[in-house]
Amino acid sequence: MKDELHEEYPNGHDSTDLKLPLYLDGDTNNVLRGTDYGSRWKLFLLGLSTTFLTYLYLTSISNFTLYNLTEESVDLSGWVKPHNPAFLIKAKHGAVAAENKRCSDTGINIMKEGGNAVDAAVGAAFCTGVVNMFSSGIGGGGFMTVRVPPPTPGGSSEVYTIDFRETAPVLANTSMFVNNPLASKYGGLSIGVPGEVRGLEEAHRRWGKLPWKRLLEPSIVLARGWEVDRELGKRITWFPSLMLDNPDWQAVFAPKGVFLQEGEIIRRENLSRSLAAIANDGSEAFYNGPIADSLVRKVQSTGGILSHADLRNYTVKVSRALEGTYFGKKVYTSHAPTSGPVLLHMLNLLEGFDVKERTGLFTHRVVETLKFGFAARTKICDPLFNNNTARIAMISTKEFADLIRKNITNDRTHPPEYYNPEYDVVVDHGTSHTSVIDKDGMAVALTSTVNLIFGSQVLDPETGIILNDEMDDFSTPGVPNGFGLWPSPYNYPEPGKRPLSSTAPTIIERDDGSFFLAIGGSGGSRIFGAILQVLLNLDLGLDISQAIEYGRLHDQLYPLDVDADDNYPPKLIDALRQRGHNVTVLDVNRVAAVVQAVLQYNGDIFAASDSRKNGIAAGY
């Protein structure tokens, strides 16, 4: 089938290609590049207002100079919908890309005091749990990939993963949500055993440099009071009954009986005290003693089964990272139950194609790769609870990709059964991600979560801790979906089991072993597909901020449609429709996938946090 887009746009770009993001140096001092919004007059007005607003914001951080907001600095054609402001950070010594600028700055300050990438990631993660508590926090868990640089030049690095995913309590069973599916999402029964504190402590114990207490100090202070950010101010209003009628939540988010607004002071003083106890006594302060007593009491009073033994016996898993290659680069990612194996599978599939031009055929192949990726994901679970680990190990191999690639047709897409999913597709939620690189080449990709927005909607008022609803990431036995696929028994809840996750914190090295990229994302089942598309955008010549800001596609087999960001090139969307894809165009700023990444090139470090969640990276 002749690809008309290939003929019309031989370089893979059309008039709707991405605006160039604002470009800042590592200290957020120099804006080097403007934003494209469709015409000179619109650019002038928007540039003027953006300049003024950016001035008000950045002068609270440091002095800065504005450069080159000119026609020559941007492509002025065809941009339709403005993004949130997007920033590319350039640095020499280190960078942190968190989803909240306060937390990026926290990590940088730690590195400036002599801390390394692990120290910075730990500090940034605690910070994110304070200010973006709707995504993550010490009541949740996650995964971390850590690159330990070679001790001598020319040596080999070591890359590890730390699994601090929440586990099912010891009283969990496979049928616990059959009669009440909503209990897996909200309330005490939805709460898994939190792993974040023990996971961050283990990373620090192995590789950290600064004292543990120093890493928590900024978050302890911050939790006593800070100004509500735009993202938090928006999300509070989505839960009026929770925030206005539940006294545990109202005391924090609507203390005067109305929602806190952006710019007003929010206080989490009880959380600050909990963090101070953890700073002084380590993870034992969380898993034993008064904090544990309070958490168990609150969970059980809201219908849950968390016990003191669950907290006391929680352990993290540390292992060498799952390894693969992509066009000569070394890819290190997380093992099952994450979707790291699926990310490698999709990269392996696309490695067999020409990834040089953004054509209609290329775009179709990306969507087909996503569909085969989701089919492979239905085979993944906690390997400790499955007697066929070879099934999981096969997914990330080149040989498996070679077999699957033959089924990618160039002229059409297919119904879900063509991709051979074994079971129904599990949809997970939420999450935050932080990527870090330091001056010595140590790098961290850290993804943590409380799952749904505001987790289980259980907030323990004594400790200030918001608890996860990670039990919802398990499958529940029951009836097949509308297409005849049953829930996966691989992923049924069992005592001590870790549920399937879409996360894939990833570190990539060049073929000579030097650091290239640390990347990861949030956004539930969209995470690994978003990471894949950012990597492809880098292959197509975009810088890391452009690669993150570019529109994305998502197809997870069920439901039967592709959703596309509304800044995705319309001609490429048309090319998908011509091949039978049912495409729905959605607001790019809806709650979807969010990616943070740091990249090193020619001795410079570049970092970007996704504007979809109003993130800003930092560097020095």
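Coordinate-derived values only; no laboratory data. As the structure is a computational prediction, the values presented were derived from the model and not from experiment. In this analysis, Cβ positions are derived from the backbone assuming ideal geometry, glycine residues included, and neighbour counts consider all displayed protein chains.
Annotations for the structure displayed:
- Taking a Cβ cut-off of under 14 Å around G496, the surrounding Lys, Arg, Asp and Glu residues balance to a net charge of -1, with basic ones at +1 and acidic ones at -1.
- Shown here: the chain, whose C-alpha atoms stretch 67, 59, 55 Å along the first, second and third principal axes, sorted largest to smallest.
- Per-residue HN-Hα couplings for region 119-132 [Karplus 6.51, -1.76, 1.60; θ = phi - 60°; Hz; x = Gly/Pro]: 4, 5, 5, 4, x, 5, 5, 4, 4, 4, x, 7, 8, 10
- Near S488, the amide H atoms lying under 5 Å from its own belong to D424; only residues 5 or more places off or on other chains count, and H is placed 1.01 Å from N.
- Debye log10 I(q)/I(0) for region 376-445, one point scatterer per Cα, at q = 0.12, 0.13, 0.23, 0.26 Å⁻¹: -0.58, -0.66, -1.09, -1.18
- Given charges at beta-carbon only (K, R positive; D, E negative), |dipole| of the chain in Debye: 620
- With a Förster radius of 56 Å applied to the C-beta separation of R412 and D245, the computed FRET efficiency comes to 0.65.
- Amide H within-cut-off set for T167, under 5 Å, with H built and near neighbours excluded: V193
- In terms of distances greater than 20 angstrom between alpha carbons, the cross-link table entries K92/K213; K101/K256; K379/K497; K213/K497 yield K92/K213; K101/K256; K213/K497.
- Note: relative contact order over the chain, using C-alpha pairs below 8 Å and six or more positions apart, is 23 percent.
- In order through region 509-521: 3J(HN,Hα) via Karplus (6.51 cos²θ - 1.76 cosθ + 1.60), integer Hz, x for Gly, Pro: 10, 6, 5, 8, x, 6, 5, 10, 7, 10, 8, x, x
- Lone cysteines, the chain (no partner Cβ under 4.7 Å): C381
- A straight Cα-to-Cα reach below 19 Å connects K298 with the lysines K185, residues fewer than 8 places away in its own chain not being considered.
- Size of electric dipole in region 507-613: Cβ of Lys, Arg +1 and of Asp, Glu -1, about Cα centre, debye, nearest 20: 300
- Amide hydrogen neighbours beyond the local backbone of E158, cut-off 5 Å, H modeled: V148
- Residue-wise HN-Hα couplings along region 461-470, as the Karplus relation 6.51 cos²θ - 1.76 cosθ + 1.60 with θ = phi - 60° gives them from phi, are x, 6, 9, x, 8, 8, 9, 5, 10, 5 Hz; Gly and Pro carry x.
- For trypsin sites (Lys or Arg not before Pro), the sites in region 329-434 that DSSP calls loop and that have at most 13 other Cβ atoms within 10 Å are K356, K406, R412.
- Figure legend: label point modelled 7 angstrom from the Cα of N109 along Cα→Cβ; residues of region 127-156 with amide N under 19 Å from it are 127-133.
- For region 229-272, the list of GluC sites (Glu not before Pro) that fall in a loop by DSSP and count at most 14 other C-beta atoms within 10 angstrom reads E262, E264.
- Size-normalised alpha-carbon gyration radius of region 491-557, reference 2.2 N^0.38 Å: 1.37
- Within-12-Å neighbourhood charge of G289 [Cβ basis; K, R +1; D, E -1]: -2
- Radius of gyration and maximum dimension Dmax of region 400-552, Cα, Å: 18.9, 59
- Spacing of the two label points (7 Å from each Cα toward its C-beta) at N602 and L182, in nm: 5.8
- Taking label points 7 Å from Cα along the Cα-to-Cβ direction, D574 and W238 give a separation of 3.4 nm.
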